[in-house]
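Enquirer: Below is one structure. I have some questions about it.
The values are calculated or read from the model by the stated rules, or taken from the named source; none is laboratory data. All values derive from a computational prediction rather than experimental measurement. All Cβ positions, even for glycine, are placed from backbone atoms using ideal geometry, and neighbour counts span all protein chains on display.
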């Protein structure tokens with residue numbers, strides 16, 4: 001699963017491509033590594049139009065998976081949208097776009113261990129968006145902080161395409177590159193929006209050495 005990505009684009013590009021009307025972030029600094037439970041930008045629906053805000057990566061964990069645990073570190077990747085746990089958050093009020101410039105998948109090495117392999121768009125365009133879900137939730141995210149109420153997000157996954165599958169054969173994130181698909185995800189009926197839960201075409205991604213680098 002994808003547990004690492006980067007956001008290295010400029011703020012205006014996010015606002016323009018995602019049709020953002022309201023920006024609540026201020027000055028967004030480059031984020032070369034976004035890890036689970038970190039704060040990162042998302043685009044969500046609001047009464048005045050789409051707004052750009054910061055939220056914490058990791059949707060609430062189903063209670064059955066939290067038995068004996070004092071901290072909920074969150075679910076970053078969502079696959080089974082038919083589950084009753086996730087169905088409550090499939091409406092347009094809980095959908096979001098998560099900007100990215102590259103994402104990483106863990107590659108298991110023959111000698112043991114693993115390494116992060118980074119992917120970006122192969123067409124040279126720097127920015128894309130994960131198809132995300134969001135909610136406001138009260139839980140213990142960090143033991144030292146105690147119980148807090150946070151805006152949380154995660155994004156959908158599916159079977160991998162050729163490039164990602166060669167590294168991580170189980171899954172890849174849903175990545176939206178076309179504005180019309182972003183509009184469907186943000187405003188379309190549930191059945192129509194969930195048709196986007198499929199991999200990018202083979203050849204649409206390429207491996208890179210690290211965020212911001214090009215393939216050698």
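Enquirer: Does residue 191 satisfy the criteria of being out of contact with any strand residue (DSSP E or B) (no Cβ under 7 Å at 6 or more places or on another chain) and free of Cβ contacts under 8 Å to residues at least 24 places away in the same chain?
Expert: Details: out of contact with any strand residue (DSSP E or B) (no Cβ under 7 Å at 6 or more places or on another chain): yes; free of Cβ contacts under 8 Å to residues at least 24 places away in the same chain: yes.
Against the criterion (out of contact with any strand residue (DSSP E or B) (no Cβ under 7 Å at 6 or more places or on another chain) and free of Cβ contacts under 8 Å to residues at least 24 places away in the same chain), residue 191 qualifies.
Enquirer: Over 25 Å from residue 168 (Cβ atoms) and exposed (fewer than 11 other Cβ atoms within 10 Å of the Cβ): is that true of residue 109 in this structure? Before you say what the answer is, go through the steps one by one.
Expert: Numbers: over 25 Å from residue 168 (Cβ atoms): no; exposed (fewer than 11 other Cβ atoms within 10 Å of the Cβ): yes.
In short, no.
Enquirer: What do you reckon, is residue 16 modelled with pLDDT of 95 or more, out of contact with any helix residue (DSSP H, G or I) (no Cβ under 6 Å at 6 or more places or on another chain) and exposed (fewer than 14 other Cβ atoms within 10 Å of the Cβ)?
Expert: Details: modelled with pLDDT of 95 or more: yes; out of contact with any helix residue (DSSP H, G or I) (no Cβ under 6 Å at 6 or more places or on another chain): yes; exposed (fewer than 14 other Cβ atoms within 10 Å of the Cβ): yes.
Yes; evaluated as a whole, the condition is true for this residue.
Enquirer: Within the group 7, 20, 34, which residue is more than 22 Å from residue 105 (Cα to Cα) and under 18 Å from the mean Cα position of the chain (by Cα)? Break it down into steps so the answer makes sense when it comes.
Expert: On the way: 7 fails: more than 22 Å from residue 105 (Cα to Cα); 34 fails: more than 22 Å from residue 105 (Cα to Cα).
Answer to the check: 20.
Enquirer: Can you name the strands (runs of 3 or more DSSP E) wholly within the range 28-76 that have at least 1 residues being modelled with pLDDT under 95, in contact with a helix residue (DSSP H, G or I) (Cβ under 6 Å, 6 or more places away or on another chain) and surrounded by 14 or more Cβ atoms within 10 Å (Cβ to Cβ)? Break it down stepwise before answering.
Expert: Working: elements: 31-34, 39-44, 51-57.
In the range 28-76, no matching strands (runs of 3 or more DSSP E) lie anywhere.
Enquirer: Being assigned to a loop (DSSP other than H, G, I, E, B) and farther than 19 Å from residue 128 by Cβ, is that true of even one residue in the range 6-22?
Expert: Yes: the range 6-22 contains one or more residues that are assigned to a loop (DSSP other than H, G, I, E, B) and farther than 19 Å from residue 128 by Cβ.
Enquirer: Follow-up. Closer than 22 Å to residue 142 by Cβ, in contact (Cβ under 8 Å) with a residue 24 or more places away in the chain and touching a strand residue (DSSP E or B) at 6+ places or on another chain (Cβ under 9 Å), is that true of residue 62? Spell out the reasoning first.
Expert: On the way: closer than 22 Å to residue 142 by Cβ: yes; in contact (Cβ under 8 Å) with a residue 24 or more places away in the chain: no; touching a strand residue (DSSP E or B) at 6+ places or on another chain (Cβ under 9 Å): yes.
The answer is no for residue 62.
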